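Visitor: One structure, pasted below without further comment.
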Amino acid sequence: MRNEPSFDLERVQAALHTSVLGCRVIWRETVDSTQYELRRLLEQGEPDGTVVVANEQTAGRGRRGRVWQDRPGEDLLFSVALPPGLQAEGLLPVALGAYLAEALGQETQQPVRLHWPNDLVLGASKLGGILVEVVGGHFLVGVGINVKGRVSDLARRIGRSVTTLEVGLERPLRREDALAACLNALARAQEQLASGDRGPVARKIADLDGLRGAPVIITGPQGLIEGTALGIALDGALIVRSGLAVTEVTVADDVTIQAT
Ligand code: BTN
């Protein structure tokens, strides 16, 4: 299948249910990282809610400075600046991940889940990831999702099973429609978090938590923990039972999670 030659920004705008996120959507054919580009645009005075979406990144970044590999023309790669004032720093990545997983599940009619802290998965295969950075009080949310095309090379390069939204959907999907679905979901999460009532967010996280009840192996500063993921705490930590001990693992711990 041929890649679409460019990106139809009007199609995105027409499908948005939010006037805040996506108030400006800026397309870049090639960029170092949409996170860096968004930061530069904010410094130049672009408003919160601005989105940068790219066809290709030359320095795409994952969590903890890891490289994010993309497939030009086939992946959805974007960053959006959330309005300031959210008091939910630890919870934010998992909250956004849960709302995204729900929206992508509705888009594909497949059970998309969040694998703590920032993976979006379909079955056991990685569909995408989320990166949240705080810059000058702004939350910059970067999202990479495999939408179309072959993933065998990518799976080999990153050493894990990978899938795409189109595999889940079993028909072609435009990246514009996936972007609009993601922005609408992020706007719902942002509004709910801004309301101060975390109950609905906590329930959403519990519903979409793909590791809940799963055996996990955690490699981190405390060494290797083998246990069962019990859920995600209100501060965003992963709760793991290992033997009689219950441990909370935080994203700051530089952990690698392996669902067994
Ligand atoms: C992860 O799984 O480690 C998070 C990956 C986030 C990747 C996206 S792609 C768009 C945005 N720009 C980047 O450089 N990273 C994020």
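Visitor: With no solvent and one point on each alpha carbon, what is the Debye value of log10 I(q)/I(0) for the stretch 73-166 at q = 0.22 Å⁻¹?
Guide: -1.10
Visitor: Count charges around Glu56 for me, please; just the other residues with Cβ under 11 Å from its Cβ, Lys/Arg as +1, Asp/Glu as -1.
Guide: Net charge around Glu56: -3.
Visitor: Next up: Return the whole-Å distance between the Cα centroid of the stretch 180-250 and the Cα centroid of the stretch 88-134.
Guide: Measuring centre to centre over Cα atoms gives 11 Å.
Visitor: Counting DSSP beta bridges in the chain, what percent are antiparallel, to the nearest 5?
Guide: 85 percent
Visitor: Now for a different question. Looking only at Leu41, Leu91, Leu122, which one moves most when the chain is put into a Gaussian network model with springs between Cα atoms under 10 Å?
Guide: Leu41
Visitor: Sticking with this structure for a sec: What residue among Arg66, Arg188, Arg24 shows peak mean-square fluctuation when the chain is described by a Gaussian network model with Cα springs under 10 Å?
Guide: Fluctuation is largest for Arg66.
Visitor: Would you work out which of Gly22, Val240, Ala252 lies farthest towards the positive end of the dipole of the chain, given +1 charges on the beta-carbon of Lys and Arg and -1 on that of Asp and Glu, about the Cα centre?
Guide: Farthest along the dipole direction, towards plus: Val240.
Visitor: How long is the gain from Gln109 to Ala245 if the chain were fully straight, where each residue apart is worth 0.36 nm and the alpha carbon distance is subtracted?
Guide: So the extension gain works out to 45.2 nm.
Visitor: Here's a follow-up. Taking springs between alpha-carbon atoms closer than 10 angstrom, which of Arg113, Arg212, Arg203 fluctuates most in the Gaussian network model of the chain?
Guide: Arg203
Visitor: As an exercise, take the mean of 1/r over every pair of distinct alpha carbons in the stretch 221-260, invert it, and state the Kirkwood radius in angstroms.
Guide: In the stretch 221-260 this quantity evaluates to 10.5 Å.
Visitor: Given charges of +1 on the Cβ of Lys and Arg and -1 on the Cβ of Asp and Glu, with all other atoms neutral, how large is the dipole of the stretch 123-260 about its Cα centre, in debye to the nearest 20?
Guide: With Lys and Arg at +1 and Asp and Glu at -1, about 500 debye.
Visitor: What distance in nm separates the simple spin-label points at Arg160 and Ala14, each placed 7 Å from Cα in the Cβ direction?
Guide: If labels sit at Arg160 and Ala14, their model points lie 3.7 nm apart.
Visitor: Now a separate question. What dipole magnitude, in Debye to the nearest 20, does the chain give about its Cα centre under +1 on Lys/Arg Cβ and -1 on Asp/Glu Cβ?
Guide: 520 debye
Visitor: Angle check, please: helix 92-108 long axis (alpha carbons) against the longest principal axis of the chain (alpha carbons), in degrees 0 to 90, nearest 10.
Guide: Helix 92-108 and the main axis of the chain meet at about 70 degrees.
Visitor: Antiparallel versus total DSSP beta bridges in the stretch 1-120: what percent is that, nearest 5?
Guide: Restricted to the stretch 1-120, the bridges split so that about 55 percent are antiparallel.
Visitor: Right, something else. Full-extension gain between Ser195 and Val134, please, as 0.36 nm times their residue separation minus the C-alpha to C-alpha distance.
Guide: 19.9 nm
Visitor: Express the accessible area of the chain per residue in Å², computed with a 1.4 Å probe while the remaining protein chains stay in the model.
Guide: Here the residues of the chain average 44 Å² of exposed surface.
Visitor: I've got another one for you. Using just the Cα positions, wrap the stretch 114-232 in a convex hull and report its mean projected area in square nanometres, one decimal place.
Guide: Answer in nm², one decimal: 9.6.
Visitor: Run the accessible area of the stretch 49-196 with a 1.4 Å probe and give the carbon-and-sulfur part as a rounded percent.
Guide: 46 percent
The values are calculated or read from the model by the stated rules, or taken from the named source; none is laboratory data. Remember, predicted model here, so these are calculated numbers, not experimental data. Every residue, glycine among them, receives a Cβ derived from its backbone with ideal geometry; neighbour counts consider all protein chains shown. Please note that ligands, DNA and RNA were not included when accessible areas were found on the heavy atoms of the full protein model with its side chains. Shrake-Rupley method; radii C 1.70, N 1.55, O 1.52, S 1.80 Å.
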